[in-house]
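Report on the following structure.
A short reminder: the numbers here are calculations on the coordinates, not readings from a lab. Keep in mind it's a predicted model, so treat the numbers as computed, not measured. Cβ placement follows ideal geometry from the backbone for every residue including glycine, while neighbour counts extend to all protein chains displayed.
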Amino acid sequence: MAKLRISKTALRENLEFYLFISPWIIGFIAFSAGPIITSFSLSLTEWDLLSPPQFVGAANYANLIFKDDLFWQSLKVTVIYSAGSITLHLSVGLVIALLMNQNVRGILAYRTIYYLPSVVSGVAVSLLFIWIFNKEYGILNYFLSWFGIKGPDWLASRKFALPSLIIMSLWGAGGPMLIYLAGLQGIPTQLYEAAIVDGAGVWQKFCHITIPMISPVILFNLIMGFIHAFQVFTEAFVMTSGGPGYATYFYVLYLYMNAFKWFKMGMASAQAWILFALILLGTLIIFKTSSRWVYYEAERRR
Amino acid sequence: MGKLYPLSLVLALGFAVAIGGALAAPKVELTYMSWFTGVQGEIEEQVLNAWRAKNPDIAIKKISPPGVYATYQDKLFTMIAGGTPPDVVTLDTWWSQRFYKRKVCIEISSLVERDKVDPGMFRDGFWEEGISSYDGKLYGLPWGTGIVVMGINKNKFDKAGIPYPKMGWTINDFVQYAKKMTIDIDGDGKTDEWGTARQWFAPWIYFNGGDYVDRKTGKSAITKPEFTQMLQFIADLTLKERVQPTPSEQMGIARTGVETTGKMGMWISWDCYLSGTFQQMDMRKKFEWGMAYLPAGSVGPITFQKGNTMVIMKATKYPEESWQFMKWYSTSDEAQDILVKTLTYPVSKKAIQKEEFLSPPGLYKNLMEPSVKLAPIIKRLPYDVPGWTEAYNKILIPALDAIWSGDKTAQQAMNEIAAKFDQILDEEAKAVKR
């Protein structure tokens with residue numbers, strides 16, 4: 001009888017569970033699952049939107065990987081950008097979070113101010129940075145001129161265009177900062193007190209308490225940053241159109257060009273699936289290696 | 001019965017209103033899509049209203065994606081892919097060939113013949129292969145087509161003591177004039193006003209007898225001296241002559257519409273953009289401007305055309321009504337006269353010979369003369385060469401940055417990309433044959 005009661009409870013809980021997640025499931029099936037499946041089938045075709053798709057098998061994948069220099073160039077640019085922007089995001093976000101974790105007057109206002117840029121539209125930020133990076137009239141070169149440095153033509157130079165966009169990505173450091181801050185505030189203060197009693201300095205506390213304790217948060221920020229960086233588009237689309245040369249020709253920009261400039265929908269779909277596979281692979285590798293450097297307090301207790 | 005009487009009355013009235021409404025409603029509603037928005041959209045609305053007044057049975061519903069031209073193509077292709085294309089659409093010649101090739105619009109050769117539409121009625125060059133036809137079959141009528149002229153700032157010419165350019169002035173004259181009009185007003189070592197704005201390079205290549213593609217062989221012609229010399233010439237206007245700003249310098253003057261600032265002496269422009277838009281913006285309040293011939297290169301004076309087309313989509317339920325509307329828009333005096341009055345891309349030869357087009361009221365005497373006189377010597381981009389637009393955007397344009405910055409000579413840059421440019425042309429040529 002008791003067994004039956006449990007089953008009934010479990011059944012009700014299951015029903016409630018599915019009822020509550022049903023809006024998401026319905027939304028996913030209606031708006032995401034269909035396009036995902038369709039995009040895979042389209043990746044096996046040649047389709048210019050004007051006439052019916054023609055099945056070409058894996059030709060789009062083969063052409064991209066074995067014949068298309070621009071595919072590899074766009075991938076190279078994206079990987080460099082990701083490495084640079086993720087490193088900056090993780091490190092600068094953490095530094096700001098440490099500062100924002102101090103108990104000083106007006107800290108709530110500072111936290112808001114540092115987070116605000118993260119919610120500004122990407123296009124607006126891009127237009128702003130076009131001016132910041134302007135060789136003749138930009139504030140960055142004006143600032144450098146105080147130190148006698150003649151700044152380059154940031155966005156027009158093949159050498160500096162990509163680093164410019166990496167620097168610009170710092171604009172969104174408020175996002176990781178906020179998550180770091182939540183992590184920092186969850187570290188028990190008695191750990192620091194015990195370390196002080198043991199004679200630990202600031203650096204030792206940071207390396208042996210702060211970093212391990214927020215390592216799950218670092219992992220989360222790393223994965224989110226990785227996924228986000230690989231899909232970067234707006235900056236290049238608005239600011240550089242992928243130039244000069246192909247210096248900022250990001251992977252998703254090339255995908256967009258194939259889809260909406262040259263109407264090679266099959267090719268663009270194949271690119272989307274390759275990108276999905278790359279992000280999935282990268283995320284799995286990060287997860288796999290995370291056991292070596294991420295510390296989970298709960299696991300330790302078990 | 002007493003209760004039924006009012007009910008019957010209401011029903012009868014409702015029935016009468018419904019019948020009346022049905023009788024008054026247009027029999028057909030056509031959807032028409034164009035990228036004219038803003039000021040141009042308001043002008044086009046005048047044309048559509050003229051049609052509506054005359055044809056109450058064929059309503060026109062205009063679709064224009066909000067914002068800029070950039071979203072037009074996406075919207076149109078998406079509507080087609082979704083199975084709901086408009087009945088009549090305007091196509092940019094940069095990508096119209098794709099429509100003809102895929103046969104998604106109706107071939108109008110027989111309709112043109114049936115209704116005796118005279119190709120000779122259009123401005124010279126507006127009917128040619130590559131603009132509205134494919135593989136010998138006609139698909140579209142000219143719409144929103146313009147030719148290239150040189151816009152000039154008369155105040156700057158007057159101040160520098162330079163005569164306004166006449167037919168036959170040369171590229172060398174252009175450079176000398178530009179030098180005289182490039183000035184540092186406040187003496188701070190930075191140029192404040194420029195001889196010329198950054199150039200659209202295509203017309204210059206044609207001035208020199210160059211072309212992107214050898215029209216006979218279908219192979220690229222971008223490494224030929226006629227081509228590379230002019231790319232280098234344009235780069236040197238900035239790098240050596242310093243009469244043309246760098247992109248950063250130009251952005252400091254205006255991010256877009258630099259010709260409207262009054263700080264440029266000469267700029268390549270479209271005839272009807274200059275006349276129509278400058279008139280709408282009341283530019284004379286800011287500075288006196290004009291329209292000049294293009295400088296003559298090694299092949300003599302020529303101009304350069306950019307065509308657009310109006311077509312009927314194959315999926316339309318109303319091909320005859322669509323044709324009537326399209327024919328009226330493109331060929332009727334009534335529609336063309338509205339475009340003439342507003343100086344907005346009339347396509348008929350008769351319309352542009354009218355005095356109010358040549359010397360628009362409130363503007364200048366013989367303002368449009370260069371546009372009219374240059375028309376018979378038009379050159380066209382190789383829109384009809386398969387793969388050209390992709391090779392141009394994907395390969396050529398990115399390679400130009402190194403030339404503009406002086407990192408490579410034009411010849412070096414073109415030599416490096418010629419094989420890739422040809423590869424796209426070859427692949428597309430094979431695809432067409434398939």
Checklist entry - Across all directions of projection, what mean area in square nanometres is found for the Cα convex hull of the range B:158-252? => result 7.7
Checklist outcome for this item: The distance between the Cα centres of the range A:96-160 and the range B:163-218, in whole Å, is 37
Checklist entry - Tell me which lysines have Cα within less than 22 Å of B:Lys341's Cα, excluding those fewer than 8 residues away on the same chain? => result B:Lys54, B:Lys62, B:Lys285, B:Lys306, B:Lys327, B:Lys349, B:Lys350, B:Lys354, B:Lys365, B:Lys373
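Net charge within 14 Å of A:Asp68 by Cβ-Cβ distance, Lys/Arg positive one each and Asp/Glu negative one each, not counting A:Asp68 itself? Please report the intermediate quantities before stating the final value.
Values: positive: A:Lys67, A:Lys76, A:Lys264, B:Lys394, B:Lys420; negative: A:Asp69, B:Glu390, B:Glu427.
That works out to +2.
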Checklist entry - Once the range A:90-201 is represented by equal point scatterers at the alpha-carbon sites, with solvent omitted, what log10 I(q)/I(0) does the Debye formula produce at q = 0.14, 0.21 Å⁻¹? => result -0.74, -1.13
Checklist entry - Which one of B:Gln279, B:Met33, B:Ile171 is farthest out on the positive end of the charge dipole of chain B, using unit charges on Cβ (Lys, Arg +1; Asp, Glu -1) and the Cα centre as origin? => result B:Met33
Checklist outcome for this item: Listed by chain and number, the residues whose amide H is under 5 Å from that of B:Thr37, excluding neighbours fewer than 5 places away on the same chain and using placed H, are none
Checklist entry - Can you work out the FRET efficiency for the pair B:Lys373 and B:Glu320, with r the C-beta to C-beta distance and R0 = 56 Å, to the nearest 0.05? => result 0.90
Checklist entry - Could you give the Stokes-Einstein D for the range B:328-407 in µm² per second, using the C-alpha Kirkwood radius, 4 °C, 1.567 mPa s? => result 82
Checklist entry - Measuring from label point to label point, each 7 Å out along Cα→Cβ, what is the A:Thr87 to A:Gln185 span in nm? => result 3.2
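Quick one, can you get me the convex hull of the C-alpha atoms of the range B:58-154 expressed as volume per residue in Å³?
Residue-normalised Cα hull volume stands at 171 Å³.
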Checklist entry - Order of B:394-405, B:235-246 by packing, highest average Cβ count within 10 Å first? => result B:394-405, B:235-246
Checklist entry - When the helices in chain B are scored as -39500 (n - 2.57) per DSSP H run of 4 or longer and the sum is shared across all residues, what 222 nm value do you end up with, to the nearest 500 deg cm²/dmol? => result -12500 deg cm²/dmol
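Tell me which DSSP H helices of chain A clear both cut-offs, 30 Å or more of axial length from alpha-carbon atoms and a mean Kyte-Doolittle hydropathy of at least 0.5.
Details: long enough: A:2-27 (38 Å, 0.33); A:69-100 (45 Å, 1.36); A:265-293 (41 Å, 1.22).
Length and hydropathy pass: A:69-100, A:265-293.
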Item to check | Alpha-carbon gyration tensor eigenvalues x 5, square-rooted, for chain B, Å | outcome: 45, 28, 20
Checklist entry - Roughly how compact is chain A, stated as its Cα Rg over 2.2 N^0.38 Å to two decimals? => result 1.26
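How much of the calculated P(r) for the range A:193-247 lies past 19 Å, in percent of all Cα pairs?
Details: 853 of 1485 pairs.
Within the range A:193-247, distances greater than 19 Å cover 57 percent of Cα pairs.
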Item to check | Convex hull of the protein assembly as shown built on C-alpha atoms - directionally averaged projected area, nm² | outcome: 50.9
Checklist outcome for this item: Here the residues of the range A:137-161 lying in the modelled label zone of B:Glu416, meaning backbone nitrogen under 11 Å from a point 7 Å along Cα-to-Cβ, are A:158
Checklist entry - Taking N as the number of residues in the range A:166-302, what value does Rg over Cα atoms divided by 2.2 N^0.38 Å take? => result 1.44
Checklist outcome for this item: Here the net charge surrounding B:Thr277, from other residues whose Cβ is less than 12 Å away from its Cβ (Lys, Arg +1; Asp, Glu -1), is -3
Checklist entry - In a GNM of chain A with a 10 Å cut-off on Cα contacts, which of A:Ala236, A:Ala97, A:Ala194 has the highest mean-square fluctuation? => result A:Ala194
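Considering only the protein assembly as shown, what is the antiparallel percent among its DSSP beta bridges, to the nearest 5? Mind dumping the intermediate values first?
Details: 28 of 42 bridges.
Approximately 65 percent, going by the DSSP bridge assignments.
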Checklist entry - Which lysines have a Cα less than 17 Å from the Cα of A:Lys135, not counting those fewer than 8 places away in the same chain? => result A:Lys150, A:Lys159, B:Lys190
Checklist outcome for this item: Long-range alpha-carbon pairs in the range B:284-434, meaning those over 21 Å apart, account in percent for 67
Item to check | Projected label distance in nm at B:Lys285 and A:Glu13, using a 7 Å step from Cα toward the beta-carbon | outcome: 7.3
Checklist entry - For the range A:239-290, taking Cα atoms only, what is the radius of gyration to one decimal and the Dmax to the nearest whole Å? => result 13.8, 41
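How crowded by other chains is A:151-160, given as the mean number of beta carbons from other chains within 10 Å of each beta carbon? Spell out each step's value before the answer.
On the way: counts 0, 0, 5, 1, 3, 6, 3, 4, 1, 0.
Mean shielding count: 2.
Count, for each residue of B:70-77, the Cβ atoms from other chains sitting within 10 Å of its Cβ, then give me the mean as a whole number.
Values: counts 1, 1, 0, 3, 5, 0, 1, 7.
Counting other chains' Cβ atoms within 10 Å and averaging over B:70-77 gives 2.
Please compute the average number of Cβ atoms from other chains found within 10 Å of each residue's Cβ in peptide B:244-252.
Working: counts 0, 1, 4, 7, 12, 5, 1, 8, 6.
Taking the mean over all residues of the peptide, I get 5.
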Item to check | Packing rank of A:241-248, B:359-366, where each peptide gets the mean count of other beta carbons within 10 Å, highest leading | outcome: A:241-248, B:359-366
